[in-house]
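K.L.:
Have a look at this one.
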Amino acid sequence: MIHIAFNIDSNYVRHCAVTLVSIFENNKEETISIHVIARGLSDEDKGILTQLTKGYNNSIFFYEPDMKLLEGFSIRKFSKRISMATYYRCILSRLLPKNIDKLIYLDCDIVVLGSIRPFWDTSLEGVGVAAVEDMGCREPQRYEILKYPMEYSYFNAGVLLINLAYWRKHDLATACIDYFHKYPERILFNDQDLLNSVLYKDKKLIDLRWNVQDAFYRNPKQLDDEWKKKYANVLRHPVILHYTNRKPWEYDSQHPLRNEYFKYLDLTPWKGERILNNPIYRLKRFFRLFPFYVHVRRPKYISLDQIQ
């Protein structure tokens, strides 16, 4: 059985449903157990996620943690769209049953486009987590703030393969809580900074296909033609596609694979719903993107047709 966890609030139920359906559609041969950590979900919200999961003959469990566990925590970066629920992934070893030794954690701005079995089968011997490098791993200031050597790199916390047995053995939940209380000024990127600070020596970095982030599709200077050529197949055919920045459901999204989200949305109760069904947002999108249409501004994203 593959165990997958999400920590959400009521604002992300729809997006969680999309992520779930994308997993189930592309992993029909697997038996999957879903674990949702959330506070205040309505019976209707739980019912939607339960019905979707059981429709694929899989199981789902809900957990409502005590807020006192996160007493003294705060949100800094992206506070308008991220809630305190994001920190629950740091204490999963306390929240989930002790008979679960391994777990995939996923954010809900994700669609899964292939089999997750090879990811699940990744060896975790001697480490607490397997993850993909974050785009920010090349920024020296992150390591200056977090106070560990840049040679250890920095992972994205939106897709994690977690060794829960290791976390319990080393009491990493307590380590995360204690670290935040001791060094709150270091934690800018919320749970991601916290997990990197605690696990920087106890991780395995894995292939990009398991967390293909929005920034990988953009046109910053650090992603040169050689990088794009090396990862062309991963960019065209990601297994786990992570909309880390601009979300596909936002009116001005330009992500080259944004329609993958709507493909799975249409397999949920929100079938057919689009922000661009509203003519006001269609007009706003036109004016927002007009400089790109007339080539006054450089495209923000690479063209998948042009990478080899």
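The values are calculated or read from the model by the stated rules, or taken from the named source; none is laboratory data. Since the structure is predicted, the reported quantities are computational estimates derived from the model, not experimental observations. Heads up, the Cβs are rebuilt from the backbone with ideal geometry, glycines too, and the neighbour counts pull from every protein chain shown. Calculation scope for accessible area: heavy atoms of the full protein, side chains included, ligands and nucleic acids excluded. Shrake-Rupley method; radii C 1.70, N 1.55, O 1.52, S 1.80 Å.
K.L.:
Quick one: would you say residue 92 is modelled with pLDDT of 90 or more, closer than 26 Å to residue 190 by Cβ and open to solvent by less than 60 Å² (accessible area, probe 1.4 Å)? I'd like the intermediate steps shown before the answer.
P.N.:
Values: modelled with pLDDT of 90 or more: yes; closer than 26 Å to residue 190 by Cβ: yes; open to solvent by less than 60 Å² (accessible area, probe 1.4 Å): yes.
Yes: the conditions hold for residue 92.
K.L.:
Still on this structure, I have one more. In the stretch 218-258, which residue that is modelled with pLDDT under 90 and open to solvent by less than 10 Å² (accessible area, probe 1.4 Å) is farthest from residue 289 (Cα to Cα)?
P.N.:
Selected residue: 232.
K.L.:
Give me the pairs: first residue in the stretch 149-165 and more than 27 Å from residue 99 (Cβ to Cβ), second residue assigned to a helix (DSSP H, G or I), beta-carbon distance under 6 Å, and six or more apart or on different chains, which are they?
P.N.:
150/143; 153/137; 154/137; 154/142; 154/196
K.L.:
How about the stretch 97-188: which strands (runs of 3 or more DSSP E) wholly inside it have at least 1 residues that are open to solvent by 10 Å² or more (accessible area, probe 1.4 Å) and of a type outside the set (Ser, Thr, Tyr)?
P.N.:
Numbers: elements: 102-106, 110-112, 129-131, 159-163.
Passing ranges, in order: 102-106, 159-163.
K.L.:
Continuing with this model, one more query. Within the stretch 264-274, work out how many residues are touching a residue at least 40 places away in the same chain (Cβ under 8 Å) and open to solvent by 30 Å² or more (accessible area, probe 1.4 Å).
P.N.:
So the answer is 3.
K.L.:
Based on this model, can you work out whether residue 284 counts as touching an Asp or Glu at 6+ places or on another chain (Cβ under 8 Å), open to solvent by less than 70 Å² (accessible area, probe 1.4 Å) and on the phi < 0 side of the Ramachandran plot?
P.N.:
Details: touching an Asp or Glu at 6+ places or on another chain (Cβ under 8 Å): yes; open to solvent by less than 70 Å² (accessible area, probe 1.4 Å): no; on the phi < 0 side of the Ramachandran plot: yes.
No; evaluated as a whole, the condition is false for this residue.
K.L.:
If you don't mind, there's one more thing I want to ask. Pull out all pairs, ordered by first then second residue, where Cβ-Cβ is under 8 Å, the residues are six or more apart or on different chains, the first lies in the stretch 168-196 and is farther than 17 Å from residue 83 by Cα and among the charged types (D, E, K, R), and the second is open to solvent by 60 Å² or more (accessible area, probe 1.4 Å) and in a helix (DSSP H, G or I).
P.N.:
186/145
K.L.:
Just to be sure before I move on: is residue 21 under 20 Å from residue 211 (Cβ atoms), within 17 Å of the chain's Cα centre (by Cα) and not basic (Lys, Arg) in the structure I sent?
P.N.:
Working: under 20 Å from residue 211 (Cβ atoms): yes; within 17 Å of the chain's Cα centre (by Cα): yes; not basic (Lys, Arg): yes.
So residue 21 fits the description; yes.
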